[in-house]
């Protein structure tokens with residue numbers, strides 16, 4: 001295509017979206033005349049203007065219906081598959097609710113950790129998986145032996161596991177020095193022996209120590225309970241159950257561009273509002289696609305935009321976006337009406353009846369569509 | 001090694017608007033900064049831009065429907 005033609009198409013940048021301009025460029029024949037191209041652009045702009053949403057259209061309501069109706073066909077329960085190697089993930093309606101409510105504790109937090117292309121091999125991914133998995137001492141222990149008379153706690157560790165995790169008892173001693181006050185620590189091949197410094201006749205302190213050291217983290221990242229390396233196409237990917245996005249992105253071998261997690265709140269804290277918005281859209285769309293439903297992505301974009309509009313991630317709950325509404329009646333119509341009305345009365349709140357719900361309540365035309373414009377009279 | 005959020009695929013490009021661009025934006029869409037969606041000054045994605053409240057951030061989103069779309073957020077303290 002001639003350069004001047006391309007420039008002419010680009011001059012529509014402010015009026016048409018980038019995707020449309022690209023499509024015009026692709027489909028126009030190379031030897032087109034100037035007049036024809038002008039006509040094409042005029043017609044494209046006309047068609048685009050006609051397709052736009054009218055002022056006063058209730059887009060939120062249309063979105064609510066468009067998401068709500070297919071929602072009735074979604075799986076209501078998450079199923080638990082026994083013995084399936086892939087991890088169990090919340091899907092269907094429970095997952096959608098989880099995302100739109102921006103719940104802090106999600107049922108199945110997961111990460112997809114990608115390695116950099118240069119590091120991507122079976123050996124590396126296995127090593128990496130062991131490196132990030134949160135390992136507690138309790139997992140390595142074969143046997144605990146409590147001796148009341150000598151006041152000792154003998155911890156026998158599994159040799160094979162120690163080797164697999166590449167740990168020595170010496171390293172462990174360092175970890176436990178601070179954790180075991182009032183005890184002296186001895187090492188014997190694959191055993192840790194804690195000896196009480198005093199000579200009390202009770203077993204209680206020994207027992208408490210045993211419980212305490214069991215949950216001491218000796219390796220990996222906090223919160224990552226399970227790591228599953230899988231092959232996706234040509235490369236290896238680590239799926240984790242439990243998330244720790246911030247720490248995992250710090251690793252040199254991790255591809256910090258693509259590694260994501262499914263906890264929207266965590267994405268918000270680590271990567272910001274815009275990333276959270278994109279994550280909401282991706283996660284909701286994933287569920288919808290998995291259920292074989294078809295919802296236009298623009299409806300989800302609208303909901304995601306509303307959740308992120310204040311710069312803080314807010315769920316569609318009475319504590320989130322609904323609490324931002326200016327009208328008392330609108331808030332009261334959502335949940336806990338008495339609480340809202342009493343508080344509003346105490347504070348002497350004024351309702352200007354500028355939005356939809358409150359006008360429906362008092363039987364007035366709602367400010368939507370033809371109800372939106374007001375009349376201005378010229379006074380002489 | 002410290003990572004920067006700017007390279008993550010979920011994070012679109014954030015840029016600070018100059019005063020001239022701000023005036024043009026307000027005129028084009030007939031809005032004031034109060035009408036725009038907000039972004040916190042402390043947001044990880046804009047940490048490097050050294051913003052103050054009252055600034056405007058332009059965000060270049062990659063959109064499935066529109067190719068590239070522009071979004072504007074007013075900076076607030078928080």
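The values are calculated or read from the model by the stated rules, or taken from the named source; none is laboratory data. Just so it is clear, the structure is predicted and the values come from calculations on it, not from any experiment. Reconstructed Cβ throughout: ideal geometry from the backbone, glycine too, with neighbour counts over all protein chains shown.
Of all the residues that make up region B:36-71, how many are buried (at least 19 other Cβ atoms within 10 Å of the Cβ), assigned to a strand (DSSP E or B) and more than 10 Å from chain A (Cβ to nearest Cβ)?
1
Would you confirm whether any residue within region B:4-19 is facing another protein chain (nearest Cβ under 8 Å), free of Cβ contacts under 8 Å to residues at least 40 places away in the same chain, part of a loop (DSSP other than H, G, I, E, B) and touching a strand residue (DSSP E or B) at 6+ places or on another chain (Cβ under 6 Å)?
No: zero hits.
Given the condition within 14 Å of another protein chain (Cβ to nearest Cβ) and within 23 Å of the chain's Cα centre (by Cα), answer yes or no: does some residue in region A:315-324 qualify?
Within region A:315-324 (the criterion being within 14 Å of another protein chain (Cβ to nearest Cβ) and within 23 Å of the chain's Cα centre (by Cα)), the answer is yes, since at least one residue qualifies.
Can we say residue A:279 is buried (at least 20 other Cβ atoms within 10 Å of the Cβ) and at the interface with chain B (Cβ under 9 Å from one of its Cβ atoms)?
yes
Could you list all residues from region A:148-161 that are touching a residue at least 40 places away in the same chain (Cβ under 8 Å) and surrounded by fewer than 17 Cβ atoms within 10 Å (Cβ to Cβ)?
A:148, A:150
Going through region A:216-271 one residue at a time, which ones are under 15 Å from residue A:116 (Cβ atoms), within 14 Å of chain B (Cβ to nearest Cβ) and either out of contact with any strand residue (DSSP E or B) (no Cβ under 6 Å at 6 or more places or on another chain) or buried (at least 19 other Cβ atoms within 10 Å of the Cβ) (or both)?
A:248, A:249, A:250, A:251, A:252, A:254, A:255, A:256, A:257, A:259
Among the helices (runs of 4 or more DSSP H) confined wholly to region A:27-113, which include 3 or more residues that are at pLDDT below 90 and surrounded by 15 or more Cβ atoms within 10 Å (Cβ to Cβ)?
A:92-100
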